[in-house]
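K.L.:
I'd like to ask you about the structure that follows.
The values are calculated or read from the model by the stated rules, or taken from the named source; none is laboratory data. All values derive from a computational prediction rather than experimental measurement. As a convention, Cβ positions derive from the backbone with ideal geometry for all residues, glycine included, and neighbour counts pool all protein chains shown.
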């Protein structure tokens, strides 16, 4: 995740002293200024998030908001308010403020705002080709995309390998979008889904009367992809008997329809994907070596999500925004506990599993915030911690009031589960609603909830 440069506009020093250390531990930085006229000059240099203490600047903030947010790469501006003032809040937000926060504005809130802004900065460094957007700030992925940018305009075949769910088809569409063929068709064929008896006709087409039931000419996928890109998904599942015909089509740039009398010239760029070890498939006689070398002109090996830790939060926020809009939800915040839990999960299903997990979490989220308790991992994939006996906890309860013991046990259990309230409730033997009510009581007493 990128670092976020935070500027605090406030006449006092207490907030910068409180927020600075928290931001620094997250990799961000905080600078303070007391005068609004200095803000525009400062922001024009390198600040990403501006937090303004509203009462210290009052209505003088309005003309500066318009200037601060006018630029294309404007920072997020958030106003912190000590007392409710709906009229001012509306005016500030109409003038460009991203949000107005009510006191007490905690260091955790500022940290989350900085995290969110940093993620948006990271996401903006992703790549776009046509309608395909690759969200990444992972150095390995960035290097891979840079390489693809250089070769996209060639006619060389591309072989994309990687675990299921890593986004192989997305990369294939990215290559198509970056090439001069992007105005031509992108045709995808799933080699694992087609029965052997139909695959030849699907790929190469057939003439009327070529076989029983061939009542009309059929144009194959190679011809349908003319001037564009043909994706052969899961190429290692193609029967060996058809691989020789595929090799000839790629080498000679022509196809023979079933029942045809003459070859048909084609102008198609072939991109293939596989989630298998191709060399192992060749050793087992399931994949032709000559076809492998013909396809593997541009080899692309996609890393699994567990090796792209930098991308997990950015992808989670992307899916959260998409599914929130799609399903009519208002989820827009992702807690640090949820992010930590996502980063500690192995994601055997890679980006596709993360996408499904966030979709489910958006539907389960309470209000506008997606917390760790909404992350419902499939049972058995993340072992639940066993309940710790009270005696084993790191507290001396002697002389401690019962209510305080209860609070400490609940907080310890939440710590064991990474903030997941559903799992904590199971360990404690209470309902999630009871746990939520207890936390609300502690919050009302002024206790910071983990």
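K.L.:
Among the residues in region 383-406, are any at pLDDT 80 or above and within 30 Å of residue 311 (Cα to Cα)?
P.N.:
No, the conditions are met nowhere in region 383-406.
K.L.:
Right, something else. Between a residue in region 252-275 that is outside the structural domain of residue 180 (by TED's automatic domain parsing) and modelled with pLDDT of 90 or more and any residue that is surrounded by fewer than 14 Cβ atoms within 10 Å (Cβ to Cβ) and outside any loop (DSSP other than H, G, I, E, B), which pairs come within a Cβ distance under 8 Å, given they are 6 or more apart or on different chains?
P.N.:
So the pair list comes out empty.
K.L.:
A further question follows. Of the residues 272, 262, only one is part of a strand (DSSP E or B) and either under 30 Å from residue 223 (Cβ atoms) or out of contact with any helix residue (DSSP H, G or I) (no Cβ under 6 Å at 6 or more places or on another chain) (or both); which?
P.N.:
272
K.L.:
May I pose another question? Considering region 206-241 alone, what residues qualify as being under 19 Å from residue 286 (Cβ atoms), crowded, with 17+ Cβ neighbours inside 10 Å and in contact with a helix residue (DSSP H, G or I) (Cβ under 6 Å, 6 or more places away or on another chain)?
P.N.:
Scanning region 206-241 gives a single hit, 236.
K.L.:
Now a separate question. Looking at the structure I just gave you, is residue 226 at pLDDT 90 or above, under 35 Å from the mean Cα position of the chain (by Cα) and on the phi > 0 side of the Ramachandran plot?
P.N.:
no
K.L.:
Confirm whether residue 117 is modelled with pLDDT under 85, in the same structural domain as residue 18 (by TED's automatic domain parsing) and under 24 Å from residue 305 (Cβ atoms).
P.N.:
yes
K.L.:
Condition test on residue 232, is it under 37 Å from the mean Cα position of the chain (by Cα), in a helix (DSSP H, G or I) and assigned by TED's automatic domain parsing to the domain that holds residue 149?
P.N.:
No: the conditions fail for residue 232.
K.L.:
Any idea which residue in region 178-199 is surrounded by the fewest Cβ atoms within 10 Å (Cβ to Cβ), counting only those that are closer than 17 Å to residue 272 by Cα and out of contact with any strand residue (DSSP E or B) (no Cβ under 8 Å at 6 or more places or on another chain)?
P.N.:
Taking the candidates together, the pick is 193.
K.L.:
Given the structure, is residue 39 surrounded by 14 or more Cβ atoms within 10 Å (Cβ to Cβ), assigned by TED's automatic domain parsing to the domain that holds residue 116, modelled with pLDDT of 80 or more and more than 29 Å from residue 343 (Cα to Cα)?
P.N.:
No.
K.L.:
Select from region 274-306 the residues that are surrounded by fewer than 18 Cβ atoms within 10 Å (Cβ to Cβ) and within 14 Å of the chain's Cα centre (by Cα) and write down the one among them that is farthest from residue 118 (Cα to Cα).
P.N.:
Here the answer is 304.
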